[in-house]
Amino acid sequence: MIVNMNQLRSFYTAAKLNSITKAAQALMVTPPAITMHIKRFEENIGVRLITRNGNSIRLTRVGEGVIQRAELIFQEIHEMEGYLEDISSGKSGDLHVGCPEAPLRNLMPLIETFKKTYPGVRIILDEGSNAEMIKSIIDHQNELAVIRYSPNNSKLKTKALWQHDIVLIASPASVHWPGSEISVMQLSQIPLVIRREGSAAREVVLEYLRKFKITPLIVAESASSALLKEFVQQDNGIGFIQRGTVENELKDGTLRLIQIIEGFPVIEDGIAYASRRELSPAAWAFLRLIDTSWPFKS
């Protein structure tokens, strides 16, 4: 029997992630394609490998045995890809990567891991807004860039990375809102400090407010987390900012968190590139590292 590797990979990925949807994201195909691959794989071998229970997957006894053997196969394939990569690239060259300020804290551990495996590759890191990062890919300034994840982006290929909250902060003794929680409906009358034009966080916040038909009273904008936090600390208004960039200030009490009753807006980041054919060996190696590290925790 000849094994169809695409079918085996779809089954293996879905079983490892316990989700058809997550497997589709990881392999950058549609969920129906994953389902069809698994169905045809089962038909080819004449044995049921999985059962569906809502959104989760349950392996049959035979499926568990197939997964154990598939694990060895894909580990060998991964090692072979790495070996061929080393031959073709010599573990050298430049890799241009772009990333906005806020997601950089999540990207840096990946870069550090990559450098341990490929010490000869020089990573040139570019920082800018979400809009600037998209343009940098289109203009071939960066091979890879972290941008706001959008599966419907027709210009770029994007792989989902991580999600995180955009929280609402205030100075400890703010005159604009002394309380510890607020409703979205009350935000239209309070001065807001947000990210500047071109920022993914700004887009998410404005989309979030539009859902509630809120027109924000924006009094200050900044591309810099440090400046945004300073505006809020000086009580020029209350501010929306990515949670990871304000953790220290929340701990030491120089800023405080205001809970939104309806929940915080959430942003999802992804790694983007223009075309697979245009990627250098170093960029491919970085994407493979992401594949082996996925899913991430923000």
Q: For the range 1-33, name all the residues that are over 22 Å from A272 (Cβ atoms) and open to solvent by less than 60 Å² (accessible area, probe 1.4 Å).
A: Q7, L8, S10, F11, Y12, A14, A15, S19, I20
**Q.** In the range 148-163, the residues that are part of a loop (DSSP other than H, G, I, E, B) and in contact with a Gly (Cβ under 8 Å, 6 or more places away or on another chain)
**A.** Y149, S150
Q | Within the range 1-111, helices (runs of 4 or more DSSP H) holding 3 or more residues that are among the polar types (S, T, N, Q) and touching a helix residue (DSSP H, G or I) at 6+ places or on another chain (Cβ under 9 Å) | A | 5-17
**Q.** Number of positions in the range 164-196 that are part of a loop (DSSP other than H, G, I, E, B), of a type outside the set (S, T, Y) and surrounded by fewer than 14 Cβ atoms within 10 Å (Cβ to Cβ)
**A.** 5
Q: For E64, indicate whether it is over 30 Å from I271 (Cβ atoms), surrounded by 16 or more Cβ atoms within 10 Å (Cβ to Cβ) and over 25 Å from the mean Cα position of the chain (by Cα).
A: no
Q: Just give me the residues in the range 120-147 being open to solvent by less than 10 Å² (accessible area, probe 1.4 Å), under 19 Å from P109 (Cα atoms) and not in a strand (DSSP E or B), in sequence order.
A: none
(Q) Among the residues in the range 195-209, are any closer than 25 Å to V146 by Cβ, touching a Gly at 6+ places or on another chain (Cβ under 8 Å) and among the basic types (K, R)? (A) no
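The values are calculated or read from the model by the stated rules, or taken from the named source; none is laboratory data. Predicted model, so just to flag it, every value in this text is computed and none were measured. Virtual Cβ from ideal backbone geometry, glycine too; neighbours counted across all protein chains shown. These accessible areas exclude ligands, DNA and RNA; they are computed on the full protein's heavy atoms, side chains included. Shrake-Rupley method; radii C 1.70, N 1.55, O 1.52, S 1.80 Å.
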